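Report on the following structure.
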Amino acid sequence: MLTSKEVLERTGISRATLNNYIASGLIPRPDVQPPGPEHGAAPRIGYFPDGTAERIEQIQRFKRQGWAMARIAAHFSGRPDSAPSVPAAYEVAAGAGPAAPDRPAIAPPQSAGSPLAAPGRSPAHPLKTPAGLAHPPLPSRSAPAPILTPVAVLVSTLQGASDLWLHLPAGEYFELVNEIWIELDRIFASHGGRHGRHPGEGMVCHFLPQPSGNHLWNALSAALQAREVMRQVSSRWQARKGWDIELFMNTGVDEGQEWLGPLRLAEPIELTVVGGAADHAAQLSRSARAGAIWITRNLIGKLAPDERRRVGFGVPRPSPDHRPLLSSFARLEELAGLQTPPAAIPAGLAQLAVTELLELRDAPAAASKPTPEGAA
């Protein structure tokens, strides 16, 4: 029998993904029992069957092969594949334009000394009560059910947020992170991205299929443009503060057929993506350094051939200059080992094939047609 903590450590998935697999019937619900003496003050402990970690690894393998969640569920249940219908509310969401510009600020790092480190509150999203209301609005009863949809998930995390919080007065810290948020959120929205929740010092953006343009290409374009803007923000603050600190947002991007739905059933409804792509993007963002953009081989493989030829990517070599080995991939644990200090990688994600996004080349210009002889 395995506790939920042991399952998470062995597989590298998040607790939200574990709960999603349970709700989808992909793994059995845990057997809740009284805690043992080794569990401290925990009120109860859930135990999973011994084969749960292997089942999750099989689910993740199917997802890397491009299986939809509905097909995976049908495989384990012995039913024929079935495609779920898409509620009209999500048809609107999937084709929506840029997200609204009013965004909550990135909060200081969650710590004992942080003013936003309160129990039950996400540090990146402080609670706000609209003017004139004594209480937050009641949950909406018209929230659409979650659906499976193709999506690219981009997660970007502010490097060294704890150090910045110590170096800057509180007012300047909030000014800095709000400046970063406004600049990057504008870029993500211009590429069709939709803001999502993030548990720490950064942001999540979901790129859904659009009537025109590839949502995968949009995510990569947004990541590169955001990196350029961060260099400008860093230069402005170096001139302002007279310091040599470089500001970086480290980014991870992955794609998949994932669950999209509301976790907060109150107006305005915020949509959240739960699944392997979100877990991978978050881990890549936490592991990258110096403003690197790490993406998965799975995402590269899903691009159209003409788009794939325009993507410059590679793996840094273990040499002093870290010159990249172009058009190559590496295991996540290998790439993370080149960082200073090396990033810790969960065992379940150590073998994930990843690379660093270097550039996106312009499409070749269309060849001009020769003028017919004798034409004016």
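Coordinate-derived values only; no laboratory data. Since the structure is predicted, the reported quantities are computational estimates derived from the model, not experimental observations. No Cβ is skipped: glycine too gets one built from the backbone with ideal geometry, and neighbour counts run over all protein chains shown.
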Checklist entry - Hey, rough spin-label estimate for Asp31 and Arg15, points 7 angstrom out along Cα→Cβ, what's it come to in nanometres? => result 2.3 nm
Item to check | Counted charge near Ala53, where neighbours are those whose Cβ lies closer than 11 Å (Asp, Glu -1; Lys, Arg +1) | outcome: -3
Item to check | Area projected by the alpha carbon convex hull of region 299-346, averaged over all directions, nm² | outcome: 4.1 nm²
Checklist entry - Stretch Ser327-Glu6 to full length: gain in nm at 0.36 nm per residue minus the Cα-Cα span? => result 112.0 nm
Checklist entry - In nanometres, what is the gap between the two model label sites at Arg317 and Ala239, each 7 Å from Cα along Cα-to-Cβ? => result 3.7 nm
Checklist entry - What shape does region 218-306 take by its C-alpha gyration tensor, where a ≥ b ≥ c are the square roots of the eigenvalues and a/c under 1.5 counts as rounded, a/b above b/c as prolate, and the rest as oblate? => result oblate
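Beta carbons within 10 angstrom, averaged per residue: use that to sort the peptides 276-286, 22-32, highest first.
276-286, 22-32
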Item to check | Efficiency of FRET from Cβ geometry, Glu179 and Ala290, R₀ 25 Å, rounded to 0.05 | outcome: 0.80
Checklist outcome for this item: To the nearest 0.05, the calculated FRET efficiency linking Glu307 and Val229 through their beta-carbon distance, R0 being 22 Å, is 0.45
Checklist entry - Computed FRET efficiency, Cβ-Cβ of Tyr47 and Arg71, R0 45 Å: what is it to the nearest 0.05? => result 0.95
Checklist entry - What is region 243-352 by shape, rounded, prolate or oblate, if you read a ≥ b ≥ c off the alpha carbon gyration tensor as root eigenvalues and call it rounded for a/c under 1.5, prolate for a/b larger than b/c, and oblate otherwise? => result prolate
